[in-house]
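The block underneath contains the structure these notes are about, expressed in structure tokens.
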Amino acid sequence: QVQLVESGGGLVQPGGSLRLSCAASGFTFSSYDMSWYRQAPGKEREFVATINRSGSTDYADSVKGRFTISRDNAKNTVNLQMNSLKPEDTAVYFCKARRFAGYYWGQGTQVTVSS
């Protein structure tokens, strides 16, 4: 059974940091490209960051220089280090695993940036 379980969300003040983790099971993690997306209230889900099987990364312009995605194939996890957080980063953050046309989503973790 495929599972993607996000953790690490919470409430943080503007300028603070959080580290999200996504634990994967039920599929060959190292064969999948892994990504983070987010969805704010009333908005569509949007791309945040991705890391492919080779370790190459890409980021949305809105988070470049502030967020860092990484993966640990030995632990079947993908992480998102978020620094210099802004109120507009408030959203539910989702982990996605993709290989060719197939993909899986996690259930999401809430991140709230507020003073």
Relative contact order of segment 1-95, pairs being alpha-carbon contacts under 8 Å that are 6 or more residues apart, as %: 34 percent
Average accessible area per residue (Å²) across the chain - probe 1.4 Å, nucleic acids and ligands excluded: 53 Å²
Of all accessible heavy-atom area on segment 27-115, the percent that carbon and sulfur account for (1.4 Å): 44 percent
In order through segment 24-32: 3J(HN,Hα) via Karplus (6.51 cos²θ - 1.76 cosθ + 1.60), integer Hz, x for Gly, Pro: 10, 7, x, 8, 7, 3, 5, 8, 10
Cα centroid separation - segment 95-115 against segment 1-58, whole Å: 5 Å
Which of Ala91, Gly102, Leu20, positive extreme of dipole for the chain (C-beta unit charges): Gly102
Nearest-10 value in Å² for the accessible area of Glu6, using the 1.4 Å probe: 10 Å²
Protein-only accessible surface order, largest first, of Lys96, Lys43 at 1.4 Å: Lys43, Lys96
For Gly16, residues with placed amide H under 5 Å, excluding near neighbours: Leu85
Glu88 paired with Lys64, simple spin-label distance in nm, labels 7 Å along Cα-to-beta-carbon: 1.5 nm
Computed accessible area, Leu11, all protein chains, 1.4 angstrom probe, square angstrom: 130 Å²
Heavy-atom accessible area ranking, 1.4 Å probe, most first, across Ser21, Ser7: Ser7, Ser21
Accessible heavy-atom area order of Asp72, Asp33, highest first, probe of 1.4 Å: Asp72, Asp33
Net length gained if the chain between Ala74 and Thr57 were fully extended (0.36 nm per residue, minus Cα distance): 4.3 nm
Residue-span extension gain [Phe47 to Tyr103] - 0.36 nm each, minus C-alpha spacing: 18.7 nm
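The values are calculated or read from the model by the stated rules, or taken from the named source; none is laboratory data. On a predicted model such as this, the values are computed, not experimentally measured, just so you know. Reconstructed Cβ throughout: ideal geometry from the backbone, glycine too, with neighbour counts over all protein chains shown. Heads up: the accessible areas ignore ligands, DNA and RNA and are worked out on the full protein's heavy atoms, side chains in. Shrake-Rupley method; radii C 1.70, N 1.55, O 1.52, S 1.80 Å.
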